[in-house]
Every structure is written in structure tokens, then in C-alpha cells.
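S.K.: Please read through the structure below; I'll follow up with questions.
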Amino acid sequence: MINLQPPVQIHLTQLPATSCPYLPNQTETIRAVMASSIDPEVYHAFMDAGFRRSGRLIYQPACDACQACVPLRVDVGRFAMSDSQKRCWRRNQDLIVTGASPELTDERFDLYSRYVHQWHDRPEEADRNTLRGFLYDSPARTIEFSYRDPAGLLMAIGICDLSQAALSSVYFYFDPDH
């Protein structure tokens, strides 16, 4: 991905290279800015330029050796489910999905802890303050989707940012046993 310029005149800080969270034996470099709040349309313009969000950090991959990080865009007006997506949709039609303001409850923290421990094989304990800073402390207009089975068991959480023209999926975590 070519590093596009941010949509507003702003100083971006290039962070030190770290181990890439996606590709083995690669390093990741990002350029970023911290934001206490951001107008939804300005945030959308940042997304158009390839920026993402982690907590209050608005960042863009800026790796010299790799350009594999490409934001995925789905034009909902032209979207057609694949056969695999249709099967998944049918298997999960019993889920109850609700949207509300993000709230880090004990139930959500427990789900996230199990997710990172089992799905990402992280032996250390999840930290509530780290999760709050990573997902729940947002400078953008954010919504949280909760997915529950018919008995009311929390199965998954999707954190999304909103603008007039887009819904941006920030992160999705789920019960690894299901």
C-alpha cells in the first residue's frame, strides 16, 4: 500500500519498528497521531487514506519492506454473498444481534480474555485497562454489536466506528469454543 497523505495538515509521528502482528519474520512500522476526538467525516477521510484506529491512536502502516496491509472495502450496494457466506449466515440465523454504545463489562472482558488466550495463544492474562485503551477509549463515534445465542450467552463482540458514508470494523472478538 502506498502511504497516502492524511486528509488534514497534521504532524504524524513514525513509531519504532516492531514485530509484525500478521506476517512472520517481518517488521511493522506505522505513522500515527493521537486524537482525543475526531469529526466523523475527517475520520472517514483518514480511512480513505489507509488509516486505522487503535484506541485514540489513528495510524497508517508505513513499512519499507512490505505493502501487504490493504484495507478491505465492501460496497454494500453491490455485495453478493458467496456460497460459503450463505452457509455461515444460515448456521447463525438464531443469533440475536444488538447495537449500543461500547461498554466494557465483566462479561465482555471475560469473553475477550478467553479469545486472546485460546485464539491468539497468548499465555499472559488479558489486562482490562489495556483492552479499554485498545477498543473502548475511542475518539470517533463508535458502536458495539453484541451477538448472543438464543439462551442469551454472549458469543461475540464487534466494535465499529461510524461516519455518514461508512461503518468501519475496528475489531471483532468471539467465543473460541463456538
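S.K.: How many percent of the alpha carbon pairs in the range 27-66 exceed a separation of 15 Å?
M.R.: Above the 15 Å cut-off, the range 27-66 has 39 percent of its Cα pairs.
S.K.: Mind listing which trypsin sites (Lys or Arg not before Pro) in the range 38-86 are in a DSSP loop and have 15 or fewer other Cβ atoms within 10 Å?
M.R.: Loop-located and lightly packed - Arg73, Arg78.
S.K.: With a 1.4 Å probe and every protein chain left in place, work out the accessible area per residue of the range 105-158 in Å², rounded to a whole number.
M.R.: Ligands and nucleic acids excluded, the result is 55 Å² per residue.
S.K.: Shifting gears a bit: Within the set of other residues whose C-beta is less than 13 Å from the C-beta of Cys160, count the net charge using Lys and Arg as +1 and Asp and Glu as -1.
M.R.: Computed value for this residue: +1.
S.K.: Putting +1 on Lys and Arg Cβ atoms and -1 on Asp and Glu Cβ atoms, find which of Ala68, Trp119, Cys160 reaches farthest to the positive end of the dipole of the chain.
M.R.: Ala68
S.K.: Also, quick follow-up: What's the center-to-center distance, using Cα atoms, between the range 133-172 and the range 1-60 in Å?
M.R.: Taking the Cα centre of the range 1-60 as reference, the centre of the range 133-172 is 20 Å away.
S.K.: Give the Debye-formula value of log10 I(q)/I(0) at each listed q (0.14 Å⁻¹), with one equal scatterer per alpha carbon of the chain, two decimals each.
M.R.: After summing over all Cα pairs, the log10 values are -0.92.
S.K.: Need one number for the range 10-80: average projected area of the convex hull over its C-alpha atoms, nm².
M.R.: Its average projected convex-hull area is 6.3 nm².
S.K.: Find the accessible area per residue for the range 1-97; the probe is 1.4 Å, ligands and nucleic acids are left out, and the unit is Å².
M.R.: Dividing the accessible area of the range 1-97 by its residue count gives 71 Å².
S.K.: Mind checking the range 85-130 for GluC sites (Glu not before Pro) that DSSP puts in a loop (not H, G, I, E or B) and that have at most 11 other Cβ atoms within 10 Å?
M.R.: Within the range 85-130, the qualifying GluC sites (Glu not before Pro) (loop, at most 11 other Cβ atoms within 10 Å) are Glu103, Glu124, Glu125.
S.K.: OK, next. Roll a 1.4 angstrom probe over the protein heavy atoms and tell me the percent of accessible area of the chain that is carbon or sulfur.
M.R.: Percent of accessible area from carbon and sulfur atoms in the chain: 53.
S.K.: Right, here's the next one. Between Thr98 and Ser169, what's the calculated FRET efficiency when r is the beta-carbon distance and R0 is 22 Å? Round to 0.05.
M.R.: Here the calculated transfer efficiency is 0.85.
S.K.: Continuing with the same structure: Please list 37-45, 94-102 highest first by mean number of surrounding beta-carbon atoms within 10 Å per residue.
M.R.: So the peptides 37-45, 94-102, ranked by packing, come out 37-45, 94-102.
S.K.: Ignoring solvent entirely, what values of log10 I(q)/I(0) come out of the Debye formula for the range 54-139 at 0.26 Å⁻¹ when each Cα is a single scatterer?
M.R.: Results for the range 54-139 at q = 0.26 Å⁻¹ read -1.14.
S.K.: Over the range 111-178, with a single point scatterer placed on each C-alpha, what log10 of the ratio I(q)/I(0) does the Debye formula yield at q = 0.16, 0.18, 0.19, 0.23 1/Å?
M.R.: Values returned for q = 0.16, 0.18, 0.19, 0.23 Å⁻¹ are -0.62, -0.76, -0.83, -1.07.
S.K.: Just need the relative contact order of the chain here, percent rounded to a whole number, with Cα pairs under 8 Å and 6+ apart.
M.R.: It comes to 21 percent, rounded to a whole number.
S.K.: Using 1/(1 + (r/R0)^6) with R0 = 41 angstrom and r between the beta carbons of Ala151 and Gln9, what's the FRET efficiency to the nearest 0.05?
M.R.: After rounding to 0.05, the efficiency reads 0.20.
S.K.: For a Förster distance of 25 Å, can you work out the FRET efficiency between the beta-carbons of Cys66 and Ala45, rounded to the nearest 0.05?
M.R.: Using R0 = 25 Å, I get an efficiency of 0.50.
The values are calculated or read from the model by the stated rules, or taken from the named source; none is laboratory data. Bear in mind the structure is a predicted one, so any value in this text is a computation, not a measurement. Don't worry about glycine lacking a Cβ; one is built from the backbone with ideal geometry, like all the others, and counts go over all protein chains shown. Just so you know, the surface numbers come from the protein's heavy atoms only, side chains and all, with ligands and any DNA or RNA stripped out. Shrake-Rupley method; radii C 1.70, N 1.55, O 1.52, S 1.80 Å.
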